[in-house]
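The values are calculated or read from the model by the stated rules, or taken from the named source; none is laboratory data. Given the structure is predicted, the values throughout are model-derived calculations rather than measurements. FYI the Cβ positions are ideal-geometry reconstructions off the backbone, even for glycines, and counts take in every protein chain you see. Ligands, DNA and RNA are excluded from the accessible area calculation, which covers all protein heavy atoms including side chains. Shrake-Rupley method; radii C 1.70, N 1.55, O 1.52, S 1.80 Å.
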Amino acid sequence: TKTISKCYVQVTGMTCASCVANIERNLRREDGIHSILVALMAGKAEVRYNPAVIHPSAIAELIRELGFGATVMENCDEGDGILELVVRGMTCASCVHKIESTLMKTNGVLYCSVALATNKAHIKYDPEIVGPRDVIQVIQDLGFATSLVKKDRSASHLDHKQEIRQWKRSFVVSLVFCIPVMGLMIYMMVMDSQLADAHAHHNMSSEEMEALHSSMVLEYQLLPGLSVMNFLSFLLCVPVQMFGGWHFYIQAYKALKHKTANMDVLIVLATTIAFAYSFVILLVAMAEKAKVNPVTFFDTPPMLFVFISLGRWLEHVAKGKTSEALARLISLQATEATIVTLGPDNVLLSEEQVDVELVQRGDIVKVIPGGKFPVDGRVIEGHSMVDESLITGEAMPVTKKPGNTVIAGSINQNGSLLISATHVGADTTLSQIVKLVEEAQTSKAPIQQFADKLSGYFVPSIVAVSVVTLFAWIIIGFVDFEIVEKYFLGYNKSISAAEVIIRFAFQASITVLCIACPCSLGLA
């Protein structure tokens, strides 16, 4: 007897069913090739060949000569069928052993494990030799009731409604409080520039400047050291920090718990430090009854949160759209199939309705007019028109006669067809499309992976830079106080030099942290 081996070849550059037919037709003629089966969506060819005559690399070369890209796939366990069953009626470990040993003796079963506690059986098999129905039959012959584990046919795990809701809420909260903060900031800028003009035109003394400055509404002090501007900014900032930033805090905490630093960590660090510093400075200013209002950073958190939560919200909305499309795709799959047994001369001997998951490769499936094709296959008998618009988008029905391929999920229109199943279960075109979309959803774009990798280095380095800034200014200040005095706004003799230096150093380092956030936004 000739030994027959099986190999898988990854084929690229196939665009339609005629490419598939072309490869299959040409390779079947070659010596040593027993059979070939090409899946268009998966871009995969399963070849059974005689290793004495031909090698997988030569097979790939043959496909390349036809003008397609082809590489031999190393891990061949892809072709194994996997079956999850619920087994009822097991009472003890010996039942488990009985089922496992009997299945392992069955030709074509590669692996089997039965769990008594959950009543589940997990079986790997070679679809060339044995199929799910045979396995179920073996277990039932032993006296146990078995059924397939019902798959969740809806795409509920791809539903992004909750995330969309939470980021929308986060964005709206931040926005509501951010607009007034921006308003206050712009007002302050305009007033400051007017003051600067006034200062330039009339050579006022700095005392008069002070008087003018403090006469501004927002600079008016409610309590000594607490201006209207700072008080309002504080009030607007608290809810954003609490509610707008809630999800960021959770994410950042999770990241730190796993000893990684991601975007969320940087955002949380910057906003928290800016907020905490501003709050402490206000308290200090009030305690000192300072005449000049301290520089605070209350405007930073709301604005950062607004931009970033908007980004997250839009991202999830986009993902949600894909999920909807996917749910529709999944709903196109047929749930049952009619399997027929043929006698000599294609005479119908019997037919039975089974679950789609139980259809095996090589089964003869009957599809009545108006029915959906449960699996991909080849027509054996019958003529009909088939609506394949779910895959091709072409509304005109396609004629099918014996030898043509049919796609699972497409709709048979006027004639009854008998088809031989070629791709079943997870190998059908429709399942492959669903799988591709799912993978596209769960995997990150290369640029996103790069950004995540960058932010892994970016966050610690930014934190380091701001810490360096802090200490550098403290040292500079204690060595040469005049430099700090020159740059520190509103320096008055009532505050001790050491405090001025530390305040200035903090302002510098927080500025570094907050300015790094929009860079992280750029990454986002």
For the chain, with all protein chains present and a 1.4 Å probe, just round the carbon and sulfur fraction of the accessible area to a whole percent.
62 percent
To the nearest Å², the heavy-atom accessible area per residue of the chain with 1.4 Å probe amounts to 53 Å²
Below 8 Å between Cα atoms, with a sequence gap of 6+, how large is the relative contact order for the chain in percent?
11 percent
Taking a spot 7 Å from the Cα of Leu116 along the direction of its beta carbon, which residues of region 88-105 have an amide N less than 11 Å from it?
90-98
Out of (i) 28.3; (ii) 38.0; (iii) 67.2, which label holds the value of mean projected area of the Cα convex hull in nm² that was computed here?
(ii)
Of Phe458, Leu83, Leu142, which is farthest towards the positive pole of the chain's charge dipole, taken about the Cα centre with +1 and -1 on the beta-carbons of Lys, Arg and Asp, Glu respectively?
Leu142
For region 1-83, just say rounded, prolate or oblate: build the C-alpha gyration tensor, square-root its eigenvalues into a ≥ b ≥ c, call rounded for a/c under 1.5, and beyond that prolate if a/b exceeds b/c, oblate if not.
oblate
Where a Cα-Cα gap under 20 Å defines reach, which lysines qualify for Lys400, not counting those fewer than 8 residues away within the same chain?
Lys366, Lys372
Per-residue accessible area, 1.4 Å probe, largest first, puts Ile179, Ile136 in the order Ile179, Ile136
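How would region 333-429 be classified by its alpha-carbon gyration tensor: rounded, prolate or oblate, with rounded meaning a/c under 1.5 and the a/b versus b/c comparison settling the rest?
Values: a/c = 1.80, a/b = 1.27, b/c = 1.42.
Since a/c reaches 1.5 but b/c is at least a/b, the shape of region 333-429 is classed as oblate.
Could you sort out which of Lys120/Lys161; Lys257/Lys321; Lys44/Lys401; Lys120/Lys321; Lys44/Lys105 sit more than 29 Å apart by Cα distance in this structure? Mind showing how you got there, number by number?
On the way: Lys120/Lys161 32 Å; Lys257/Lys321 32 Å; Lys44/Lys401 25 Å; Lys120/Lys321 35 Å; Lys44/Lys105 31 Å.
The pairs that break the limit, which is 29 Å between Cα atoms, are Lys120/Lys161; Lys257/Lys321; Lys120/Lys321; Lys44/Lys105.
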Please work out the C-alpha center-to-center distance from region 263-330 to region 106-149 and express it in whole Å.
54 Å
Multiply the residue separation of His258 and Glu351 by 0.36 nm, subtract the distance between their alpha-carbon atoms, and state the gained length in nm to one decimal.
27.8 nm
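Using only alpha carbon pairs under 8 Å that are at least six residues apart, calculate the relative contact order of region 240-388 and give it in whole percent.
Values: 116 pairs, mean separation 22.1, N = 149.
It comes to 15 percent, rounded to a whole number.
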